[in-house]
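Notes to accompany the following structure.
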Amino acid sequence: MRQIIECRDIRKTYDNSGVKTPVLKGVTFSIAEGEFVAIMGPSGSGKSTLMHIIGALDTPTGGEYYLDGKDISKLSDDDLADIRREKIGFVFQAFNLLPRATVLRNVTLPLIYEGVAKEKREEIAKQALRESAFPEGFWQHHSNQLSGGMMQRVAIARALVNNPALILADEPTGNLDSKTGEIVLHTFQSLNEEGKKTIVLITHEAYVAEHADRIIHILDGNIVRDERNKNKRMAKTENL
């Protein structure tokens, strides 16, 4: 099976005026195409630093990181920006939507930057909204008129439009109540099961991680456990 992520002895040390702080201490793992994986750890465990490296937002101090077969661990900032645009769909805790733009426009933004023609980008955006289970009756609403769960599903749709190799979700239910969080987790599960999208979910909540097929536990900069989730939670589908 094709590997989307290969981390080999990834280390990250921050140097603050000569004071060196090791955050990642030799992390090695791989994620295959079509997997739904949660990376879980408490605050200070190194999971946020690892997320930044996986998302091509930062580079490691040592080791190698292959994303979709390409070593990106030593690329320039400009090259990393290209990788993020072409290979990764991001879903963040804070949604990062334009509040006075319509749902449809928010989802088409990555395609506007890519120079895709208007008719084509709207066609792609509408399909992404359908895949994220976002109701068509709200496509022309501004994002600041939506509930938190609906905003997050818009963010998921936006992450899909470039057909990325990887969807990286950073605490995507962190700003949501538990019921709304279930709806968002159901969306991720459906995307993975129906479309075989590769999804990496960063979380500190065991309950959230248990919706994934595999859980990588990180503590003090090391992977302490990497296990198949035999008791996977299926998100409730009420009020979808």
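All conditions in (1) part of a loop (DSSP other than H, G, I, E, B); (2) in contact with a helix residue (DSSP H, G or I) (Cβ under 8 Å, 6 or more places away or on another chain) hold for Gly115, with the sole exception of (2). Restricting the range 112-134 to residues that are more than 30 Å from Glu182 (Cβ to Cβ) and buried (at least 18 other Cβ atoms within 10 Å of the Cβ) leaves a set whose member that is modelled with the highest pLDDT is Arg121.
Residues that are free of Cβ contacts under 8 Å to residues at least 60 places away in the same chain, assigned to a helix (DSSP H, G or I) and crowded, with 19+ Cβ neighbours inside 10 Å within the range 139-167 comprise Ser143, Gly149, Met150, Met151, Arg153, Val154, Ala157, listed in sequence order. Taking the range 45-64 as the range and being more than 15 Å from the chain's Cα centre (by Cα) and in contact (Cβ under 8 Å) with a residue 60 or more places away in the chain as the test, the residues that pass are Ser45, Gly46. Residues in the range 83-104 include none that are in contact (Cβ under 8 Å) with a residue 60 or more places away in the chain, of a type outside the set (A, V, I, L, M, F, W, C), under 25 Å from Leu219 (Cα atoms) and in a helix (DSSP H, G or I). On the stretch given as the range 82-103, residues that are aliphatic (A, V, I, L, M), over 24 Å from Glu33 (Cα atoms) and buried (at least 19 other Cβ atoms within 10 Å of the Cβ) total 2. As a summary of the residue check, Thr28 satisfies the conditions (1) more than 16 Å from the chain's Cα centre (by Cα); (2) over 27 Å from Lys196 (Cβ atoms); (3) not small (Gly, Ala, Ser) except for the one numbered (2).
When the residues of the range 63-81 are filtered to those that are over 16 Å from Leu50 (Cα atoms) and buried (at least 16 other Cβ atoms within 10 Å of the Cβ), the one that is modelled with the lowest pLDDT is Leu75.
The values are calculated or read from the model by the stated rules, or taken from the named source; none is laboratory data. Please read all numbers here as calculations on a predicted model, not as lab measurements. Cβ atoms come from the backbone with ideal geometry, glycine included; neighbour counts cover every protein chain shown.
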